[in-house]
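Asks: Would you mind keeping the following structure in view while I ask a few things?
The values are calculated or read from the model by the stated rules, or taken from the named source; none is laboratory data. If you're wondering where the values come from, they're calculated on a predicted model, not measured in any experiment. In this analysis, Cβ positions are derived from the backbone assuming ideal geometry, glycine residues included, and neighbour counts consider all displayed protein chains.
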Amino acid sequence: MTTQNSSTSFVARALALDCAALSDALDRSGVAGQCYQIKACDPKFRMAGHAYTVLYRPAAHGEEGHVGDFIDDVEPGSVIAIDNRGHDHMTTWGNILTEMAHQRKMAGTVIDGINRDVALCSELNYPIYSRGSWMRTGKGRIQLAGLQVPVQIGGVTVYPGDLMRGDADGVVVIPQALQEQVLGIAEEITHKENTVRAAIRSGMRMDEARRQNHYHVLQSPDYKKIGG
């Protein structure tokens, strides 16, 4: 694999792009990769990395759980993507996991569900994205159902190794096979939008600056036919 297409390069390129531009690039690529209602616990959080997926299920009565015991085996730089089916009446993540993930240099955690102990992730600047926070434990309520299996995060199917990017707007997922394509389109969109801004600052009318740069079709799957 070339340096340009290495995992490290993909992550660095994703970090240089806003989720909004990546969302538009996903739209142009015909990919629904925007995680609905998944938000940063702190708006200053930024992350990018490849997914390590975790699936939970409800625990049976009296069943001993092992919530979070997977974390010792996750590669540094990963985004831990946890599917708890959107349940908001118990957590999947708290301060011990936050401290461990921060220590092991994970890129961040994304939860289709909720977390607790928000203060520590803000203090450590460890990015956590979820549907919200509440303090009720998942211990005894959920059980590990699978690791490195396809999961659902905000309506998006996430496979192990998919590229995940989070910022103040939320989280997007880029399929592993489409990283080069989506990142390249997002870089083009960002360049076009920066060109529009520069033209406006120089005194051009916004409608004219947008027209010249085909602004209204940048996200369209038909962009190459319309404006490319």
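Asks: Considering only residues that are in a helix (DSSP H, G or I) and either out of contact with any strand residue (DSSP E or B) (no Cβ under 6 Å at 6 or more places or on another chain) or of a type in the set (F, W, Y) (or both), which ones fall in region 104-142? Break it down into steps so the answer makes sense when it comes.
Replies: Filtering region 104-142 for residues in a helix (DSSP H, G or I) gives 118-124.
Passing the criteria: A119, L120, S122, E123, L124.
Asks: Is it fair to say G170 is crowded, with 16+ Cβ neighbours inside 10 Å, in the same structural domain as K39 (by TED's automatic domain parsing) and either farther than 30 Å from L218 by Cβ or touching a Phe, Trp or Tyr at 6+ places or on another chain (Cβ under 8 Å) (or both)?
Replies: On the way: crowded, with 16+ Cβ neighbours inside 10 Å: yes; in the same structural domain as K39 (by TED's automatic domain parsing): yes; either farther than 30 Å from L218 by Cβ or touching a Phe, Trp or Tyr at 6+ places or on another chain (Cβ under 8 Å) (or both): yes.
Spelling it out, G170 is indeed crowded, with 16+ Cβ neighbours inside 10 Å, in the same structural domain as K39 (by TED's automatic domain parsing) and either farther than 30 Å from L218 by Cβ or touching a Phe, Trp or Tyr at 6+ places or on another chain (Cβ under 8 Å) (or both).
Asks: From the residues in region 187-209 that are in contact with a helix residue (DSSP H, G or I) (Cβ under 6 Å, 6 or more places away or on another chain) and surrounded by 14 or more Cβ atoms within 10 Å (Cβ to Cβ), which one is nearest to R28 (Cα to Cα)? Lay out the reasoning, then the answer.
Replies: Step one: of region 187-209, the residues in contact with a helix residue (DSSP H, G or I) (Cβ under 6 Å, 6 or more places away or on another chain) are 189-190, 196, 199-200, 206, 209.
Restricting the remaining residues to those that are surrounded by 14 or more Cβ atoms within 10 Å (Cβ to Cβ) gives 189-190, 196, 199-200, 209.
On the way: I189: 10, T190: 14, V196: 19, A199: 24, I200: 25, A209: 21 Å.
Only one residue tops the list, namely I189.
For (1) surrounded by fewer than 19 Cβ atoms within 10 Å (Cβ to Cβ); (2) aromatic (F, W, Y); (3) modelled with pLDDT under 95, each residue gets a yes or a no:
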| residue | (1), (2), (3) |
| --- | --- |
| G33 | no, no, no |
| I38 | no, no, no |
| D42 | yes, no, no |
| M47 | no, no, no |
| A60 | yes, no, yes |
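Asks: Moving on to the next point. Please work out if Y159 is farther than 22 Å from A40 by Cβ, at pLDDT 95 or above and surrounded by 15 or more Cβ atoms within 10 Å (Cβ to Cβ). I'd like the intermediate steps shown before the answer.
Replies: Values: farther than 22 Å from A40 by Cβ: yes; at pLDDT 95 or above: yes; surrounded by 15 or more Cβ atoms within 10 Å (Cβ to Cβ): yes.
For Y159, the condition - farther than 22 Å from A40 by Cβ, at pLDDT 95 or above and surrounded by 15 or more Cβ atoms within 10 Å (Cβ to Cβ) - is met.
Asks: Next up: Please go through region 194-228 and pick out each residue that is modelled with pLDDT of 90 or more and either small (G, A, S) or closer than 25 Å to G49 by Cβ (or both).
Replies: Once the filter is applied, which keeps residues that are modelled with pLDDT of 90 or more and either small (G, A, S) or closer than 25 Å to G49 by Cβ (or both), region 194-228 yields A198, A199, S202, G203, A209.
Asks: Right, next: Filter region 130-156 for residues that are within 16 Å of M47 (Cβ to Cβ) and in contact with a Pro (Cβ under 7 Å, 6 or more places away or on another chain) and give the result.
Replies: none
Asks: For region 83-127, which positions are in contact with an Asp or Glu (Cβ under 8 Å, 6 or more places away or on another chain), touching a residue at least 60 places away in the same chain (Cβ under 8 Å), under 15 Å from V54 (Cβ atoms) and surrounded by 24 or more Cβ atoms within 10 Å (Cβ to Cβ)?
Replies: Residues satisfying the conditions are D83, D112.
Asks: Given the residues H87, H61, H66, which is the only one that is part of a loop (DSSP other than H, G, I, E, B) and under 30 Å from D27 (Cβ atoms)?
Replies: Step by step, each of H87, H61, H66 is checked, and only H87 is part of a loop (DSSP other than H, G, I, E, B) and under 30 Å from D27 (Cβ atoms).
Asks: Additional query: Taking E75, is it in a loop (DSSP other than H, G, I, E, B), surrounded by fewer than 23 Cβ atoms within 10 Å (Cβ to Cβ), assigned by TED's automatic domain parsing to the domain that holds L124 and modelled with pLDDT under 95? Show your work before the answer.
Replies: Details: in a loop (DSSP other than H, G, I, E, B): yes; surrounded by fewer than 23 Cβ atoms within 10 Å (Cβ to Cβ): yes; assigned by TED's automatic domain parsing to the domain that holds L124: yes; modelled with pLDDT under 95: no.
Against the criterion (in a loop (DSSP other than H, G, I, E, B), surrounded by fewer than 23 Cβ atoms within 10 Å (Cβ to Cβ), assigned by TED's automatic domain parsing to the domain that holds L124 and modelled with pLDDT under 95), E75 does not qualify.
Asks: I've got another one for you. Restricting to region 173-186, name every residue that is surrounded by 18 or more Cβ atoms within 10 Å (Cβ to Cβ) and of a type in the set (G, A, S).
Replies: First, pick out the residues of region 173-186 that are surrounded by 18 or more Cβ atoms within 10 Å (Cβ to Cβ): 173-175, 178-179, 182-183, 185-186.
Hit for region 173-186 is A186, nothing else.
Asks: Further, regarding this structure: Give all pairs with beta carbons closer than 8 Å in which a residue from region 1-22 that is of a type in the set (D, E, K, R) meets a residue that is surrounded by 13 or more Cβ atoms within 10 Å (Cβ to Cβ) and at pLDDT 95 or above; count only pairs at least 6 apart in sequence or on separate chains.
Replies: Pairs found: R13/L183; R13/E187; D18/D167; D18/D169; D18/T190.
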